[in-house]
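For reference, the structure is listed below as structure tokens.
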Ligand code: NZQ
Ligand code: ZN
């Protein structure tokens, strides 16, 4: 196992009706900015429930945070929050709203141009406002991690940052809040969580059986519960399991002490920034092609994945790996998430443009061995056509 530091200070409060607990989590004298997305939080009544729980606290609402939240929109929140001397941020939504709140939290006290937070990957963040979250979509794990991904529309750049200062102080996970999700977002969430586990698991062995078996359990749970969330959309137990598996997929636990990849995500971010594909759609396109391209470097773990996750124990090793990759693609397709660029009306032009953007963003040494250069990314993208 590799050496590691594991730190996760987020208090999780999990269960139906737990929004009422906001009253005990948010300081009584806080001046709160509640961030939310387009319409869902209002339409579903979640926002009302949140306001009620906040009681007599001073609350300022900031709506309109987009899916794939933008620097342009979030800077409006930064300006208002500075003016109004906001001292607590509450994100009500999915990964986009939570990521947006993390950026706003770090940008408010930031000296200089806040886009630098993204350009430096969060390394120079010295302070951030406290954040709490009310999760409405199981997918990203942002509710229990220190990461955020922000898009600057004018530059067509979508970049991540990390800082321990933006871990949510608490996150309220009420699985019933996810009943109102459209099918597409439920499916996206399953794919995103699945690929989060894969990015931390499917690398090379370092004799870390705890992390491996934990990851394999999460993957098997997603394979089992994901389709149920679509076929039994009113089942609370299924939503509860899905919400918890997605949180555990990216809260730092399974990634501690093991190599990590993240190349599928970083290439996928370019496709979202350029063509507005959903985050999970980009992952579903890139991952199967990436697995094929990296089958030699990832051989041992791919075989373990085939055996332990997909139960493929007979036949030649190479054949089992092929079948595991096919099953991965078929799993995404079965959820309704398409796995080729052409399914989204994208072709060779998109490959060339994405490669240019990867170059511009310095994404030239990706993967657990830092050997995914532009030539490899080209092969992956072309195999995704
Ligand atoms: O905007 P509204 O109207 O609220 O609608 C949202 C949005 O359109 C809707 N929605 C959310 N909860 C709902 C609901 N609709 C009905 N009922 C509900 N309960 O769902 C749509 C998608 O929401 P979004 O927050 O964008 O989805 P998700 O949670 O998948 O977040 C995706 C973002 O997270 C980033 C992605 O890059 C992307 O920008 N990621 C963040 C990570 C992190 N911080 O660790 C890791 C991930 O890899 C990912 O990159
Ligand atoms: Zn993701």
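Listing for the model above:
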| item | result |
| --- | --- |
| Test result for residue 179, within 11 Å of ligand 1 (Cβ to nearest atom), touching a residue at least 40 places away in the same chain (Cβ under 8 Å) and farther than 24 Å from residue 4 by Cβ | yes |
| Residue that is more than 23 Å from residue 269 (Cβ to Cβ), away from ligand 2 (no atom under 16 Å from the Cβ) and assigned to a helix (DSSP H, G or I), where the choices are 47, 60 | 47 |
| Residue among 106, 101, 138 that is in contact with a helix residue (DSSP H, G or I) (Cβ under 9 Å, 6 or more places away or on another chain), assigned to a loop (DSSP other than H, G, I, E, B) and in contact (Cβ under 8 Å) with a residue 60 or more places away in the chain | 138 |
| Any helices (runs of 4 or more DSSP H) falling wholly within the range 247-314 and containing at least 3 residues that are within 12 Å of ligand 1 (Cβ to nearest atom) | 263-275, 279-293 |
| Lone qualifier among 296, 350, 306 - being without any contact (Cβ under 8 Å) to a residue 40 or more places away in the chain, buried (at least 20 other Cβ atoms within 10 Å of the Cβ) and over 22 Å from the mean Cα position of the chain (by Cα) | 306 |
| Selected residue [more than 17 Å from the chain's Cα centre (by Cα) and more than 28 Å from residue 66 (Cα to Cα)] from 224, 333 | 224 |
| Test: residue in the range 219-229 that is more than 11 Å from ligand 1 (Cβ to nearest atom) and touching a strand residue (DSSP E or B) at 6+ places or on another chain (Cβ under 9 Å) | no |
| Criterion (part of a helix (DSSP H, G or I), in the same structural domain as residue 273 (by TED's automatic domain parsing) and more than 21 Å from residue 194 (Cα to Cα)) met by exactly one of 354, 330 | 354 |
| Output for the range 40-51, where each listed residue is surrounded by fewer than 18 Cβ atoms within 10 Å (Cβ to Cβ) and touching a residue at least 12 places away in the same chain (Cβ under 8 Å) | 42, 43, 44, 51 |
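The values are calculated or read from the model by the stated rules, or taken from the named source; none is laboratory data. Only a predicted model underlies this, so the values are computations on that prediction, with no experimental measurement involved. Cβ: placed from backbone, ideal geometry, glycine included. Neighbour counts: every protein chain shown.
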